[in-house]
1. Give just the number: which of (1) within 22 Å of Ile28 (Cβ to Cβ); (2) outside any helix (DSSP H, G or I) does Leu181 not satisfy?
2. Among the residues of the range 157-166, is there at least one that is under 12 Å from Thr29 (Cβ atoms) and aliphatic (A, V, I, L, M)?
3. Of the conditions (1) modelled with pLDDT of 85 or more; (2) among the polar types (S, T, N, Q); (3) surrounded by 13 or more Cβ atoms within 10 Å (Cβ to Cβ), Thr109 satisfies every one except a single condition; which number is it?
4. Filter the range 1-60 for residues that are farther than 25 Å from Ile266 by Cα and of a type in the set (A, V, I, L, M, F, W, C); which is farthest from the chain's Cα centre (by Cα)?
5. Just give me the residues in the range 240-275 being outside any loop (DSSP other than H, G, I, E, B), more than 14 Å from the chain's Cα centre (by Cα), farther than 17 Å from Leu227 by Cβ and aromatic (Phe, Trp, Tyr), in sequence order.
6. For the range 211-229, give me the residue count where each residue is aliphatic (A, V, I, L, M) and surrounded by fewer than 13 Cβ atoms within 10 Å (Cβ to Cβ).
7. Can you tell me which residues in the range 13-56 are on the phi > 0 side of the Ramachandran plot and surrounded by 24 or more Cβ atoms within 10 Å (Cβ to Cβ)?
8. Six or more apart or on different chains, Cβ atoms under 9 Å: show the pairs whose first residue is in the range 49-68 and assigned to a helix (DSSP H, G or I) and whose second is at pLDDT below 60.
Amino acid sequence: METLKSIFRFYINSSIHVALAICALVSITFIKFEVANGNTFLFLSFLGTVAAYNFVKYSNVSKLYHKRLAKSMKGIRILTWLSLVFFVYFAFKMSFKTVLYMIPFVILTIFYVIPIFPNKNNLRSLAGVKIFIIGVVWTGITVVVPIIYAKGSMNFDLLIETIQRFLFVIVMMLPFEIRDLEYDASALETIPQTIGVTRTKVFGSILLVVFLLLTAIKNTLSSIEILSTILITTISLLFLWGTDKEQSKYYCSFWVESVPIMWFLILLILQSLFS
């Protein structure tokens, strides 16, 4: 049992789970826009997420936190460097246009951690913008860049999907902000710090309603997409309202981050039932 617990902790701490969530969102984009050959980009997304998230999480954490993870940190470092090497390898297999569109999101991720302002602050430390930077990066990597990679251009439905994905990611980040309420510096001015926990949940609920309603204005719409969007909106609402400042250890880092995977599985199941 202890071995299984250690494997699970490594799975979470090494960002493998969040990388699978990113791959699920990319796969959702491929399914919706009927992209058949996206495996190379999925590998790139997975490897890039592991490398980027571990860079963000462990580049500037306290020595005490490193000691707590001492048993797994060596493995995490090895995995991170291997992911970075293979990410570069797969990036060379991409078209120049795909890499060009990916660069702004890579730069945002780097500057999220590395200080770029005169007072030695990074983007993460800017008041009120942390969650929106994450939203932009996730949306770009899971919608915009995959479609540029597969089809080379954008259309109206892709624009709506981009807006929807941004709203979805913002809502998925709110439970993390509620969880970190007592740890985040007040200068960060996160949404729960600014408007409180209950209003944050109301705000997230409004975003989910908009997310759902935007589906109706797409040019190409199927019953599978309508039903899957209703289901994932309901699931997201349940997780949002189930969030509290005091929550189980893996409520956010496993369950909330599993929502994109649930969305992907819902789409697969509905396709098998109705296609």
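1. (1)
2. From the range 157-166, those under 12 Å from Thr29 (Cβ atoms) are 157-158, 161-162, 164-165; that's our starting set.
Filter once more, keeping what is aliphatic (A, V, I, L, M): 158.
Looking through the range 157-166, at least one residue is under 12 Å from Thr29 (Cβ atoms) and aliphatic (A, V, I, L, M).
3. Only one criterion in (1) modelled with pLDDT of 85 or more; (2) among the polar types (S, T, N, Q); (3) surrounded by 13 or more Cβ atoms within 10 Å (Cβ to Cβ) is unmet by Thr109, namely (1).
4. So the residue we want is Met1.
5. Of the range 240-275, the ones outside any loop (DSSP other than H, G, I, E, B) are 240-241, 251-274.
Right, trim to more than 14 Å from the chain's Cα centre (by Cα) and you get 240-241, 251, 265-274.
Right, trim to farther than 17 Å from Leu227 by Cβ and you get 240-241, 251.
Result: Trp241, Tyr251.
6. Kept after step one, since they are aliphatic (A, V, I, L, M), are these residues of the range 211-229: 212-214, 216-217, 221, 224, 226-227.
Subset that is surrounded by fewer than 13 Cβ atoms within 10 Å (Cβ to Cβ): 213, 216-217.
Of the residues in the range 211-229, 3 are aliphatic (A, V, I, L, M) and surrounded by fewer than 13 Cβ atoms within 10 Å (Cβ to Cβ).
7. Ser15
8. Close Cβ pairs satisfying both conditions: Tyr58/Tyr65; Tyr58/His66; Tyr58/Leu69.
The values are calculated or read from the model by the stated rules, or taken from the named source; none is laboratory data. None of these values were measured; they are calculated from a predicted model. Ideal geometry is used to build each Cβ from the backbone, glycine not excepted, and the neighbour counts take in all protein chains shown. Surface accessibility is based on the protein's heavy atoms, side chains included, excluding ligands, DNA and RNA. Shrake-Rupley method; radii C 1.70, N 1.55, O 1.52, S 1.80 Å.
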